[in-house]
Every structure is written in C-alpha cells, then in structure tokens.
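To start, the structure itself, in structure tokens.
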C-alpha cells in the first residue's frame with residue numbers, strides 16, 4: 001500500500017474519532033515505526049486517517065506537549081529527535097524524579113502495597129525468558145510507572161509519565177546495547193529494598209540503574225518508510 005491512499009479508501013475514515021488520532025500517531029512513534037526526525041505531513045495524515053487537517057493539527061499539538069512531536073517554523077511537524085546529550089539529561093531527570101519518589105514512599109505513614117510492582121516484575125521476567133523483547137521493554141517501563149504510582153502524587157506521576165514518553169523516543173533514536181538481565185535484576189532488588197525500607201540504598205540503585213541505561217544508547221535505528229504502513233492502515 002502506498003501513502004497516496006484516499007480518504008474514501010481508508011478503513012479508518014469512518015471509525016476514526018478525534019480522540020483516537022493522537023493515539024494512532026503516538027503508537028506508531030513509540031513502536032518505532034515512525035522514526036525520530038520524520039516529517040508529519042498534515043495533509044497526508046488527514047487523507048490517511050479520514051479526518052480534517054484541523055483535527056490532525058490539534059492531535060499534533062497534544063503530542064508536542066507530551067514531547068513526541070516538534071514543530072519547525074515554515075516546515076511543519078516532525079517526530080521528536082533528541083540528541084544523545086539530551087537523552088542523557090532525560091535519563092538523569094527520570095532518575096531524579098524516582099529518587100524523590102523514594103523519599104515520599106519511605107516517609108508514608110503506612111507502607112504502600114507492592115503487589116502491582118511485583119506482578120509487573122514477574123511478567124517481565126517471564127517475557128524475557130521467552131525472548132519476547134518488545135513485551136519485556138514495555139513491562140520495564142510499566143515497572144517504573146508502578147513505582148511512581150506508589151507515591152500517590154498525581155503531579156509527580158504526570159511529570160514522570162511525560163519523561164517516560166520521551167524515553168521511548170530516545171530509545172528509537174539510539175540503539176540500545178543494554179544488559180537487560182542486570183536491569184531486570186535491578187527491578188527485583190528495588191522491590192526487596194522497598195520491602196526492607198532501605199531508602200538510601202534504593203536511591204543509589206536507581207542512580208546505578210539509569211547510568212546503565214545511559215551507557216546503552218549509542219546509534220540510530222531504521223523505521224517504516226511508508227506512512228500508511230507505519231500507521232498500520234491496511
């Protein structure tokens with residue numbers, strides 16, 4: 001299928017709703033089918049998704065606020081493309097938020113339940129044992145989301161959510177040569193330290209964890225050239 005599909009031919013033309021547009025594009029970005037730096041042509045997206053250009057623009061603005069899309073004057077919208085230096089700053093920011101989260105969790109009057117965190121970790125271990133890399137990567141991100149959820153602080157959780165979206169973009173730009181086994185072991189250690197209340201050790205482990213992530217990002221990965229294919233319009 002080519003990107004010249006007409007609105008009438010698009011299977012999404014009837015079903016697509018305003019709230020779905022951003023999700024379709026975001027998913028294509030986060031699953032690395034739309035590569036960082038790729039131009040997002042509003043007219044082409046409008047035709048493919050069967051909606052107006054104004055609805056496409058509204059969705060792109062929302063993705064811009066989430067850090068997935070950038071706008072360039074007189075050029076339009078592009079999938080965000082951080083530099084390696086920016087990616088390192090991003091990872092440092094995530095680590096800082098998670099260290100703050102540990103202080104909040106440790107200072108809570110009642111220790112929070114770790115059941116959800118344990119559940120995600122078990123699923124991650126199982127996914128990696130079956131060599132399901134994509135699921136394992138998603139569950140690793142879910143683990144960090146669950147960690148922040150323990151704070152019960154919606155502002156901190158939202159700030160962390162946006163940084164994790166940018167993290168997904170960064171991993172699309174730079175090849176990851178990560179020691180997945182060690183990172184997974186870190187998650188198990190984090191649970192154990194939360195159980196024992198060892199906040200200082202946990203903060204140090206979070207720093208070590210994200211330093212390991214930083215060291216694993218080195219190069220560029222290819223995406224899907226055809227826009228319709230990237231958006232999974234068939």
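Consider segment 31-53. How many of its residues are in a helix (DSSP H, G or I) and touching a residue at least 12 places away in the same chain (Cβ under 8 Å)?
7
Is there any pair linking a residue in segment 193-208 that is outside the structural domain of residue 110 (by TED's automatic domain parsing) and part of a helix (DSSP H, G or I) to one that is surrounded by 15 or more Cβ atoms within 10 Å (Cβ to Cβ) and modelled with pLDDT of 95 or more, with Cβ under 9 Å and at least six apart or on different chains, and which?
Final answer for the pair search is none.
Quick grid of which residues meet (1) crowded, with 16+ Cβ neighbours inside 10 Å; (2) under 16 Å from the mean Cα position of the chain (by Cα); (3) not in a helix (DSSP H, G or I):
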residue: 56; (1), (2), (3): yes, no, no
residue: 61; (1), (2), (3): no, no, no
residue: 64; (1), (2), (3): no, yes, no
residue: 67; (1), (2), (3): yes, yes, yes
residue: 74; (1), (2), (3): no, no, yes
residue: 78; (1), (2), (3): yes, no, yes
residue: 82; (1), (2), (3): yes, yes, yes
residue: 87; (1), (2), (3): yes, yes, no
residue: 94; (1), (2), (3): yes, yes, no
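Does residue 56 fit the bill of being touching a residue at least 24 places away in the same chain (Cβ under 8 Å) and either out of contact with any strand residue (DSSP E or B) (no Cβ under 9 Å at 6 or more places or on another chain) or over 18 Å from residue 38 (Cβ atoms) (or both)? Please lay out each step first, then the result.
Numbers: touching a residue at least 24 places away in the same chain (Cβ under 8 Å): yes; either out of contact with any strand residue (DSSP E or B) (no Cβ under 9 Å at 6 or more places or on another chain) or over 18 Å from residue 38 (Cβ atoms) (or both): no.
Against the criterion (touching a residue at least 24 places away in the same chain (Cβ under 8 Å) and either out of contact with any strand residue (DSSP E or B) (no Cβ under 9 Å at 6 or more places or on another chain) or over 18 Å from residue 38 (Cβ atoms) (or both)), residue 56 does not qualify.
The values are calculated or read from the model by the stated rules, or taken from the named source; none is laboratory data. The shown structure was predicted, so the numbers you read here are calculated from the model rather than taken from an experiment. Here Cβ is always computed from backbone atoms with ideal geometry, including for glycine, and neighbour counts include all displayed protein chains.
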